[in-house]
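Student: Below is one structure. I have some questions about it.
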Amino acid sequence: MAIMQRVKLQSLSIPLLSLLIAFVVGSILIAMQGSNPLLAYQVLFTKAFGSVEGFATTLAKATPLILSGLAVAICLRAGLFNIGAQGQLISGALASAWAGYSFVGLPFLIHIPLALLFGAFFGSLVALVAGLLKAYRGVHEVITTIMLNSIVIALADYLASTPFKEPDQPITRTPKIEESARIPDIFGLPLGFFIAIAISLAFWWLMRKTTTGFRIETIGRNRSAGWYAGISVKRVIISSMLLGGATAGVAGAVETLSITGRFEPAFNAGLGFDGITVALLARANPLGVIPAAILIGGMRGAASTMQFRAGVAPEIVDLVLALILFFVTAPILLRLLKRKEEGISLSSGWSN
Amino acid sequence: MTNLLDVERLSKRFGSVLANQEISLSVKPGEIVALLGENGAGKSTLVKAVIGLVKPDSGTIRVKGKELPYGDTAGAIARGIGMVHQHFQLVPVMSVTENLILGDEPTKFGLIQMQKARRETAELSKRYGLAIDPDAIIEDLPVGMAQRVEILKALRRDVSLLILDEPTAVLTPQETDELLEVLRNLASKGVGILFITHKLREVMAIADRVVVLRNGKLVGVTSPKESSESQLAQMMVGREVVLHVEKGPGNPTGAALEVRELEVLDDRRLEAVRGISLQVNAGEILGIAGVEGNGQRELVEAICGMRNRRKGKVLVAGKEVPNLKPHEVHAAGVAHIPEDRERHGLVATYSISDNLVLNRFDQEPYAKGWIRDLDAVARNGDELVRRYDIRTPNASAPASSLSGGNKQKTVVARELSQNLPVVVASQPTRGVDVGSEILSLSDRVAVLYGGKIVATFDSKLANRDEIGRLMAGSEGSRS
């Protein structure tokens, strides 16, 4: 297990500590509701990880989160904070749904990859806007990706309600995808999960073994030194945003082609935003994204059971996830504060 | 009369760097004290300690005889210390008056009394002879005027000691003269002034006393009356340890680097390099001597592709190298040891091995096509660590774990191991424990002043005093 040995103890301690604190604070909140926190967590984790069917559901929930987590993580490695995974994911979901119902009569070996490609392409198209603005105009990617989220969500709503709408239906949604575009289950597990694992491994390999990965990593760690060493900062910004957007697009496509079977605006809510938590919890490590997504996917999948069996509002899961995000990022804040006290870097900002 | 400020034996360490080492200084009312030193000498750390932005490790700070606790910014302000930062702390979209009252607005029933504030601003500017329009918007003002607002902001709080951090760095020569006049005027009204600078002309023109720092240590306290610019220049740049370098005479064989009529602008878009021509022969070391701010940084950056050339040519081994990016100049045969190694030279969180291939990671043998050869990178790392005596347990340790000198060795190892025809080293010994001397290292020394080469010597025939005098801008006996 050479891979696991490379995961340093230190890089594990902060996420684990964050999880612990988040669950402790969560248990206080559950107790305040008058429920038993131990029972609630027991139900949550038994449901998510305690049975084969439960675990299969967890993996299905984790699949889009692995991909949206990667979409955020790859950009973090380049020093970019891609808040726009949600918009990129929705763009990819809609595009793959369109490809799924518009092409009729294709064999599945062609139709599935084609629909996935549509998802990747339209996801990266959204991210490209932010990448170009950052590279050539210095507009901060946090601002642009947030704004693009709103634009894409509204645009997708419009498209699904008018030109791509399923005929003779009151609901805002596209037609169902062709059977040939549906991603099947294998051994009771969604094939999409294995696609996500393969993409994780590919990213790990890219970052570790290739010159492209080294360029991205160098710019992420020291932009001036990278520029000085001859790496094109613009190209790295644009290519990592493209990669991130494509991965988020595939996340939307896999969800559409294996779970939802069509595009309906409400279906993909929050998948891209959970990707931010996944990426930060994984400390932007492409392999760390897998367990982080499984944990969060499991909690999402079991939230309703927890309400049913332990009488805890499912929003508690949202709260715990928010707490995880908060505590994972808190050490970064601590470090910034410490540096400020030392008087070395008195000014730091959002830009560049 | 009690001193406004007494600093005694103040020390401050940042990691392995001693920024201030037992520094003492004092300022009396009405006195102008210049704190002179090159960048990195510890001037800013010292004044930041005085106003509480940096906590010293030891030493005492007394204001008007009373001790000031470490890190007590509010206390420092309350006792009448004001600071004008190098980077203005102003709100660009607000007016002069609004900026002046920010944080201490005159109010009545919770409403800001704008008219009263405007009157106060006008009075203040009249009292100290700092003419300014109270309604002007900051972003419309020239830099010199914005600086006046900063000074007025400090004066409004009844400042008795005004600290200015490199106040002239952003000013044009005319604005500088105006500022010096303002400072003289303030001093005549009893305000004590401590100003940081590395410009000798200003020191000579205005200071009552000069405190010179070098490498975090106090090297001397003098006054313009007792010393000359060249003595000050020597105090600033001289080294304590004059290490004799064993080096045979060069064996020049034709021009390796030629610079012709080079003109370069600095960050303020002022002319920093004014028509420099020089030639470095193969096998020869040309030293460039100059007090900071006389164009040597811009000269080096223009040669190495980090700054655009406005005019002139650079030739490497007889072939012209156009305005390019740093790595393209490198590929044309110029190795560069950058001045700011933390910023440009190294990626601190990368291993030493990765840093040693930073500018050639995508070339054979470190990459085959798209795939990096990590074994080749590691082998190169091990070898260079051994060959250049980089002190580290192993080459896979992060560069941040190295001491300053060993970080520098890492950059040097990367740049020199490729046997390029030209090596440009920018302040190569800064912060490195071995002191070295431009005279003993170089075959020839060119002295830069005001963006021009004022003299070139054969280093065997040159003497320190004369170089010092030339660096300070005085006429040399030959050129």
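The values are calculated or read from the model by the stated rules, or taken from the named source; none is laboratory data. Computed from a predicted model, the values in this text were never measured in an experiment. Note that each Cβ is placed from the backbone with ideal geometry, even for glycine, and that neighbours are counted across all protein chains shown. Just so you know, the surface numbers come from the protein's heavy atoms only, side chains and all, with ligands and any DNA or RNA stripped out. Shrake-Rupley method; radii C 1.70, N 1.55, O 1.52, S 1.80 Å.
Student: At most 15 other Cβ atoms within 10 Å and a DSSP loop assignment: could you name the trypsin sites (Lys or Arg not before Pro) in region B:177-222 that fit?
Tutor: Qualifying residues, ordered by number: B:189.
Student: Mind telling me which of A:170, A:37, A:15 comes out most flexible in a GNM of chain A, alpha-carbon contacts under 10 Å?
Tutor: Top of the fluctuation ranking is A:170.
Student: Once both axes come from the Cα atoms, what is the angle between helix B:374-387 and the longest principal axis of chain B, in degrees from 0 to 90, rounded to 10?
Tutor: Helix B:374-387 sits roughly 80 degrees off the main axis of chain B.
Student: Applying 1/(1 + (r/R0)^6) with R0 = 51 Å to the Cβ-Cβ distance of residue A:198 and residue A:168, what FRET efficiency is obtained, to the nearest 0.05?
Tutor: That pair, residue A:198 with residue A:168, gives E of 0.85.
Student: If you don't mind, there's one more thing I want to ask. Which residue fluctuates the most in chain A, going by a Gaussian network model with Cα springs under 10 Å, if the choices are A:256, A:211, A:277?
Tutor: A:211
Student: Here's something else I'd like to know. Quick check: at a probe of 1.4 Å, how many percent of the accessible area of region B:5-237 sits on carbon and sulfur atoms?
Tutor: 51 percent
Student: Over the whole of B:350-359, what's the average partner chain Cβ count within 10 Å per residue? Rounded to a whole number, please. List each step's numbers first, then the result.
Tutor: Numbers: counts 6, 0, 0, 0, 4, 3, 0, 2, 9, 5.
Mean partner-chain Cβ count within 10 Å for B:350-359: 3.
Student: Could I ask something else about it? Just by accessible area at a 1.4 angstrom probe, what is the order of B:343, B:297 from largest to smallest?
Tutor: B:343, B:297
Student: Multiplying the sequence separation of residue A:21 and residue A:109 by 0.36 nm and subtracting their Cα-Cα distance, what value in nm do you get?
Tutor: Details: separation 88, 0.36 × 88 = 31.68 nm, distance 4.62 nm.
Taking 0.36 nm per residue and subtracting the Cα distance, the gain is 27.1 nm.
Student: Now for a different question. Would you mind working out the accessible area per residue for chain A, using a 1.4 Å probe, and quoting it in Å²?
Tutor: On the way: 16030 Å² over 352 residues.
So chain A comes to 46 Å² accessible per residue, rounded to a whole number.
Student: For chain A, give the magnitude of the charge dipole about the Cα centre (Cβ charges: +1 Lys/Arg, -1 Asp/Glu; no others), in debye to the nearest 20.
Tutor: About 1280 debye.
Student: Would you mind getting me the FRET efficiency between residue A:151 and residue A:45? Use the beta-carbon distance for r and R0 = 45 Å, nearest 0.05.
Tutor: Efficiency computed from Cβ-Cβ geometry: 0.70.
Student: Same structure, new question: I'm checking a number: the convex hull volume of the Cα atoms of chain B, normalised per residue, in Å³. What is it? Don't skip to the answer; put the middle values down first.
Tutor: Details: hull volume 85.3 nm³, N = 479.
It is 178 Å³ per residue.
Student: To the nearest 0.05, how large is the calculated FRET efficiency for residue B:181 and residue B:91 if R₀ is 30 Å and r is the Cβ-Cβ distance?
Tutor: Result of the calculation: an efficiency of 0.65.
Student: Also, quick follow-up: How far is it, in nm, from the label point at residue A:330 to the one at residue A:128 when both lie 7 Å from their Cα along the line to the Cβ?
Tutor: 4.2 nm
Student: In a GNM of chain A with a 10 Å cut-off on Cα contacts, which of A:201, A:94, A:271 has the highest mean-square fluctuation?
Tutor: It is A:201.
Student: Between residue A:185 and residues 5 or more places away or on another chain, which pairs have amide H atoms under 5 Å apart, with H built 1.01 Å from N, and which residues are they?
Tutor: The list, which skips near neighbours in sequence, is A:191.
Student: In whole percent, what relative contact order does region A:99-169 give with Cα contacts below 8 Å and a gap of six or more residues?
Tutor: It comes to 18 percent, rounded to a whole number.
Student: Can you list the chymotrypsin sites (Phe, Trp or Tyr not before Pro) in region A:184-220 that are in a DSSP coil and have 13 or fewer other beta carbons within 10 angstrom?
Tutor: A:187
Student: Please express the shape of region B:5-237 as an equivalent ellipsoid: the semi-axes are the square roots of 5 times the eigenvalues of the C-alpha gyration tensor, given largest first in whole angstrom.
Tutor: Numbers: eigenvalues 189, 85, 47 Å².
In descending order, the three semi-axes are 31, 21, 15 Å.
Student: Next up: Have a look at the DSSP beta bridges in the protein assembly as shown and tell me what percent are antiparallel, nearest 5. Working shown, then result.
Tutor: Working: 49 of 76 bridges.
So the antiparallel bridges amount to about 65 percent of the total.
Student: Of the DSSP beta bridges with both residues in chain B, give the percent that are antiparallel, rounding to the nearest 5.
Tutor: 65 percent
Student: Same structure, new question: Roughly how many Å² of residue B:22 are accessible to a 1.4 Å probe, to the nearest 10?
Tutor: Its accessible surface works out to 90 Å², give or take rounding.
Student: I've got another one for you. Give the shape of chain A as rounded, prolate or oblate, defined through the alpha-carbon gyration tensor: a ≥ b ≥ c are the square roots of its eigenvalues, a/c under 1.5 means rounded, and otherwise the shape is prolate if a/b is larger than b/c and oblate if not.
Tutor: Details: a/c = 1.62, a/b = 1.09, b/c = 1.49.
Note, shape of chain A comes out oblate.
Student: Provide the buried accessible surface between chains A and B in square angstrom, both chains summed, 1.4 Å probe, rounded to the nearest 100.
Tutor: 2600 Å²
Student: Before rounding to the nearest 500, sum -39500 (n - 2.57) across all DSSP H runs of length at least 4 in the protein assembly as shown and divide by the residue total; then give [θ] at 222 nm in deg cm²/dmol. Working shown, then result.
Tutor: Values: 29 runs with 396 residues, N = 831.
Calculated mean residue ellipticity at 222 nm is -15500 deg cm²/dmol.
Student: Report the dimensions of region B:70-141 along its three principal axes from the alpha-carbon atoms, largest first, rounded to Å.
Tutor: Over region B:70-141, Cα extents along the principal axes are 38, 33, 26 Å.
Student: Before anything else, pin down the relative contact order of chain A: Cα pairs under 8 Å, at least 6 apart, normalised by residue count, whole percent.
Tutor: About 34 percent, as a whole number.
Student: Which whole-number value in Å³ per residue fits the convex hull of the alpha carbons of the protein assembly as shown?
Tutor: 219 Å³
Student: Take peptide B:315-328, look around each residue's Cβ out to 10 angstrom, count Cβ atoms belonging to other protein chains, and average those counts. Please report the intermediate quantities before stating the final value.
Tutor: Values: counts 0, 0, 0, 0, 0, 0, 0, 0, 0, 0, 4, 4, 6, 1.
Across B:315-328, the average partner-chain Cβ count within 10 Å equals 1.
Student: Quick check: Cα centre of region A:120-138 to Cα centre of region A:146-182, how many Å?
Tutor: 22 Å
Student: Give me a single rounded figure for A:216-224: the average over its residues of other chain Cβ atoms within 10 Å of their Cβ. Don't jump to the answer; show the numbers that get you there.
Tutor: Details: counts 0, 4, 6, 1, 2, 5, 10, 2, 8.
Counting Cβ atoms of other protein chains within 10 Å of each residue's Cβ and averaging gives 4.
Student: Still on this structure, I have one more. Suppose a student asked you for the relative contact order of chain B, using Cα pairs under 8 Å spaced at least 6 residues apart; what percent would you report?
Tutor: Relative CO of chain B lands at 15 percent.
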